[in-house]
Amino acid sequence: MFFRHSNEMWSEFPELVPGVLLAEGITSTVDVGDRIARYHAIAADRLAQGPESEMTEIQAWRRAFSKMGLKPTQYRCASEALLRRFRQEGSLPRLHPLVDLCNAISIAFAIPVAVFDLSKISGNLEVRHANGSETYLTFSREMEHPDAREVIFADGAGQAHARRWTNRQSGLSAVRNDTHSVLIVAEALHESAGSDVPKLIDAIASELTAIWSIEVRQGVLSPSSPRFDLSSAMNLQLQQKQD
């Protein structure tokens with residue numbers, strides 16, 4: 001079992017730099033308030049220098065959305081949407097310690113970060129173009145079908161775990177209080193993404209190790225090394241179900 005981007009995605013977006021992290025042992029009973037505050041302060045400092053729309057990281061995603069035929073001011077990448085809300089309201093909603101932490105790191109780096117509950121993913125997970133048959137569960141529990149050629153995170157069962165690439169995740173694999181194993185994906189397209197994404201993934205890994213006292217696996221993907229193995233966490237989940 002693995003995570004990857006399709007060959008077509010690499011061909012269309014050769015500047016893409018994805019960072020991936022696999023973590024097991026997540027709980028919802030930790031306090032991350034002080035850690036979130038530090039990343040919020042970094043984001044506030046960046047926003048004091050100019051709005052999120054002027055950040056190079058966001059501009060790169062706007063170009064990508066335009067290339068996909070989407071209006072960038074109608075469909076924003078996740079980090080831009082979070083930065084916009086943070087600029088307007090001065091805070092972000094609290095959902096789950098891990099999600100809150102990743103959202104805070106996302107706005108500090110201005111890079112989209114997705115967090116998936118691995119127990120809800122069937123088989124391989126691939127960022128690819130939809131064929132029109134996939135299903136997507138919204139957070140309000142409504143079922144949708146992504147348009148053909150829309151970029152999605154699709155698993156082996158044809159479930160879309162994110163629509164419009166980095167625009168919106170699915171309610172199906174959202175992190176909840178009983179989530180144990182997660183896949184975290186950060187993607188960037190800007191000029192310095194090759195150095196920024198590893199720093200972001202290192203920051204998440206350091207926080208998870210400190211907060212939950214767990215070991216993580218991480219990596220940065222490329223066209224020559226496009227796959228990240230998920231079998232460790234999935235084998236553990238299968239063993240837990242059998243026990």
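Note down the magnitude of the dipole of the chain about its Cα centre, charges +1 on Lys and Arg C-beta and -1 on Asp and Glu C-beta and zero elsewhere, to the nearest 20 debye. Taking the Cα centre of the chain as origin, the dipole is about 460 debye.
Computed on protein heavy atoms with a 1.4 Å probe, the accessible areas place 178, 147, 196 in the order 178, 147, 196, largest first. Estimated from helical segments only, the mean residue ellipticity of the chain at 222 nm is -12000 deg cm²/dmol, where each DSSP H run of four or more residues counts as -39500 (n - 2.57). Comparing 219, 156, 19 in a Gaussian network model of the chain, where Cα atoms under 10 Å apart are tied by springs, the biggest mean-square fluctuation is seen for 156.
Built from the Cα atoms of the chain, the convex hull projects on average onto 12.6 nm², one quarter of its surface area.
In segment 120-243, taking the dipole from charged Cβ atoms about the Cα centre, the farthest positive-side position among 219, 174, 198 is held by 174.
Accessible surface of residue 1, taken over heavy atoms with a 1.4 Å probe and every protein chain present, rounds to 100 Å².
Output the peptides 122-128, 133-139, 183-189 sorted from most to least packed, where packing is the average of other Cβ atoms within 10 Å over each peptide's residues.
Sorting 122-128, 133-139, 183-189 by mean packing, highest first, produces 183-189, 122-128, 133-139.
Residues in the chain average 45 Å² of solvent-accessible surface per residue, probe 1.4 Å, ligands and nucleic acids excluded. Listed by chain and number, the aspartates and glutamates placed with their C-alpha closer than 13 angstrom to that of residue 120 are 155, 178; residues fewer than eight positions away on the same chain are left out. The alpha-carbon of residue 67 sits under 13 angstrom from the alpha-carbons of these aspartates and glutamates, leaving out residues fewer than 8 places away in its chain: 12, 150.
The values are calculated or read from the model by the stated rules, or taken from the named source; none is laboratory data. Computed from a prediction, not measured in an experiment: that's the story for all the values here. FYI the Cβ positions are ideal-geometry reconstructions off the backbone, even for glycines, and counts take in every protein chain you see. These accessible areas exclude ligands, DNA and RNA; they are computed on the full protein's heavy atoms, side chains included. Shrake-Rupley method; radii C 1.70, N 1.55, O 1.52, S 1.80 Å.
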